[in-house]
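Take a look at the structure below.
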Amino acid sequence: MKIVKLNAIDSTNIYLRNLIKKSDVKDATVVVANEQLNGRGQGDNIWISEKGKNLTFSVLIRFDNLNVAHQHILNYSISIAIYNVLRYYIPDKLSVKWPNDILSAGKKICGVLSECVIKSSLVNYAIVGIGLNVNQVKFSKGLTQATSLRLILNKEIDKDELLEKILMEIQYQLISVRKQEYKKIKNQYEKILYKKGVPSMFITTSDEQKFLGKIVGTSLMGNLIVELEDETLKEFGIREIKFA
């Protein structure tokens, strides 16, 4: 595993993507930034991180036989890996908010952005960007639902040691992906899903309609399955629904 450490760049995902265009980048290459000036989240979201306080990095993962229909399984495995590592630090109140935000007591501590490059019907490679709040204690007013390991544990965390643990766990979880153990991964993911089985208020992003529902799991295509008040099941894709 090759680790490239940089001081300040716009985005580790963009840097790694450009690096791939220029040279033969090996599987499991990691790009870590001390400061990320234009980090991205899902959709148009921006990931804001204080210089030198957090982990902001991207990992290149190459595949031979991952069908595009199963690319969401990669997101599941990365979320499981981060969840498992954070459990060493925070033994309870951890969960994964669909599709791939890691929460502690309902507050966001980590975000994941996976960008897949498709060749025919297969995923050729994926660039997985991870932003983990480690030692940051102050967040902007608009980020009231953010937290960090430092805030939770009231002590500084060794970022290099934490990064090593996460990278090792990612490699371990990818074994199941490459073995195509998709059902096993899906079951593990759903066990740690935020508010699964809990009646909650949701809002549709297209027309801002509020409704009561209950998350029951995810579909084979990675959509969220919600049980409505009349006990019917409805699937929602990414950015089609959010908690009200």
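For the stretch 204-236, which positions are under 28 Å from Gln188 (Cβ atoms) and β-branched (Val, Ile, Thr)?
Passing the criteria: Thr205, Ile215, Val216, Thr218, Ile225, Val226, Thr232.
No other residue among Ser148, Ser140 is over 22 Å from Leu60 (Cα atoms), buried (at least 18 other Cβ atoms within 10 Å of the Cβ) and out of contact with any His (no Cβ under 6 Å at 6 or more places or on another chain) apart from Ser148. Checked against the criterion of being assigned by TED's automatic domain parsing to the domain that holds Ile73, touching a residue at least 12 places away in the same chain (Cβ under 8 Å), touching a helix residue (DSSP H, G or I) at 6+ places or on another chain (Cβ under 6 Å) and not in a helix (DSSP H, G or I), the stretch 165-185 has no qualifying residue.
The values are calculated or read from the model by the stated rules, or taken from the named source; none is laboratory data. Being a predicted model, the structure only gives us computed values, none of them experimental. Ideal geometry is used to build each Cβ from the backbone, glycine not excepted, and the neighbour counts take in all protein chains shown.
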